[in-house]
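The values are calculated or read from the model by the stated rules, or taken from the named source; none is laboratory data. Predicted, not measured: the structure shown is a model, and the values here were computed from it. When we count neighbours, we look across all protein chains shown, and the Cβ atoms used for this are built from the backbone with ideal geometry, even at glycine. What goes into the accessible areas is simple: the full protein's heavy atoms, side chains included, and nothing from ligands, DNA or RNA. Shrake-Rupley method; radii C 1.70, N 1.55, O 1.52, S 1.80 Å.
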Amino acid sequence: MRKIGVLTSGGDAPGMNAAIRSVVRMALSSGMEVCGIRRGYTGLITGQFESMTARSVSDILHRGGTILQSSRCPEFCKQEGVLKGIERARKEGIEGIVVIGGDGSFRGACALSLAGMPTIGIPGTIDNDIGCTELTIGFDTALNTVKDAIDKIRDTAQSHERCSVIEVMGRDAGYIAAYVAIACGAEAAIIPENPYDFEQDIIKPIVDGKKRGKENNLIVVAEGVGGSVELAERIEKATGIETRATILGHIQRGGSPTVNDRMLASRMGIHAVKLLSEGIGNRTVAIKNNVIVDYDILEGLDMKKTMPQDIMNMAKILSL
Ligand code: ADP
Ligand code: F6P
């Protein structure tokens, strides 16, 4: 291939810039030209292209967000939109595309490949909800951001002997909630993957903990379950303990990526370009046992990553 394109799509994630940088510099090192496609699939359809040099990606490794910007593009969910995008790309001389994004973006990447444009997906989403990869770019940074926020909430919850309900992101996934529940010592994690019982899983740990001398309580709720304000009211009514709800929101999507996310993004970017340079498309890059691997995109999306039961059990044991 002589020229490839790179775009970021869907919810942005810290480390996307590190992935763009890796794709650009690996492609240039391999003798290919690189075209940055702005605003995800919207930019592909409307021809928002810019030539990338090694200097276009200077000074971005440490920045959150994505320099190429992102969008949600309903038009791309139709075959017509995909064909329009391919036509624009071909006019620009683009022979392969790297898509950095979440599962929705991967469906778009698959549609591009099946319609004749070799495309590689790099998993970038704070939700960590792509089946085939143990980690997605941005997850580690989001965990650290949430950890900082919950540690602060704990300070004030302890001073006032309160219960705090903290809602964290995760559209349909409880990875952030489950991991920070352990890292921050929460009494319970309520996640969409597991059904929960209000009395058994929330009230009992709070009441039992109080008997054992606990003076504050943290309950982490994933966005996919939602209803944290109502939950806080129910907890206060059932226990008599003053309870506050905090919805962390988009603060979780920003910030400088951690070393782990920068490394993951850099490794995945190199692997994606290697595949394209061999003329291979319709693959997603993933990490398994700390090795960068790749899978057919649709098969990769269909792989099920269940919430490890030991994570949920750990949260219970450690909140004694
Ligand atoms: P994420 O990639 O973070 O999961 P979305 O689910 O919003 O974010 O998807 C991002 C974009 O991917 C959508 O706005 C759309 O342009 C494209 N996309 C989503 N699903 C499909 C699909 N089935 N076919 C083609 N493109 C899709
Ligand atoms: O997919 C990442 C994510 O941050 C989800 O956790 C969340 O539900 C969604 O994006 C929010 O999207 P938006 O920024 O469009 O509100």
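To the nearest 10, the accessible area of HIS250 is 130 Å² with a 1.4 Å probe. Looking at the chain as a GNM with Cα springs under 10 Å, which of GLN200, GLN252, GLN158 has the largest mean-square fluctuation? For the chain, modelled as a Gaussian network with Cα springs under 10 Å, the answer is GLN200. A Förster radius of 22 Å combined with the Cβ-Cβ distance from SER56 to ALA115 puts the calculated FRET efficiency at roughly 0.20. One quarter of the surface of the convex hull around the alpha-carbon atoms of the chain equals 15.9 nm², the direction-averaged projected area. Of GLY300, GLY93, HIS250, which is farthest along the charge dipole of the chain in the positive direction, counting Lys and Arg as +1 and Asp and Glu as -1 at C-beta? Among GLY300, GLY93, HIS250, the one farthest towards the positive end of the dipole of the chain is GLY93. Summary of packing: across the peptides 141-153, 229-241, the per-residue average of other C-beta atoms within 10 Å ranks them, highest first, as 141-153, 229-241. Considering only the Cα atoms of region 139-254, their convex hull presents on average a projected area of 6.3 nm². Region 208-285 and region 71-150 have Cα centres separated by 20 Å. Rounded to the nearest 0.05, what FRET efficiency do GLN309 and LYS78 have when you use their Cβ-Cβ distance and R0 = 41 Å? About 0.55, to the nearest 0.05. For the residues GLY121, GLY40, GLY209, a GNM of the chain with alpha-carbon springs under 10 Å puts the largest fluctuation on GLY209. For the chain, give the percent of accessible area contributed by carbon and sulfur heavy atoms, probe 1.4 Å, rounded to a whole number. Accessible surface attributable to carbon and sulfur in the chain totals 51 percent. For the peptides 88-95, 42-49, the ranking by packing is 42-49, 88-95, with the highest mean count of neighbouring Cβ atoms within 10 Å listed first. Listed by chain and number, the lysines placed with their C-alpha closer than 27 angstrom to that of LYS237 are LYS152, LYS204, LYS210, LYS211, LYS214, LYS316; residues fewer than eight positions away on the same chain are left out. Springs between Cα atoms under 10 Å define the GNM used for the chain, and in it the highest mean-square fluctuation of SER256, SER105, SER56 occurs at SER56. Summed over the residues of region 154-204 and divided among them, the accessible surface reaches 42 Å² per residue at a probe radius of 1.4 Å. Partner aspartates and glutamates whose Cα lies under 13 Å from the Cα of LYS147, excluding those fewer than 8 positions away in the same chain, are identified as ASP155, GLU167.
Per residue of the chain, the DSSP helices (runs of n ≥ 4 H) give a summed -39500 (n - 2.57) that works out to -13000 deg cm²/dmol at 222 nm. For region 41-55, putting each phi into the Karplus relation 6.51 cos²θ - 1.76 cosθ + 1.60 with θ = phi - 60° gives couplings of 5, 4, x, 5, 5, 9, x, 8, 10, 9, 5, 10, 10, 4, 6 Hz, in residue order, rounded to whole numbers and with x for Gly and Pro.
Between ILE280 and GLU92, the contour length at 0.36 nm per residue exceeds the alpha carbon distance by 65.7 nm. Taking all protein chains together and rolling a 1.4 Å probe, LYS288 ends up with roughly 100 Å² accessible.
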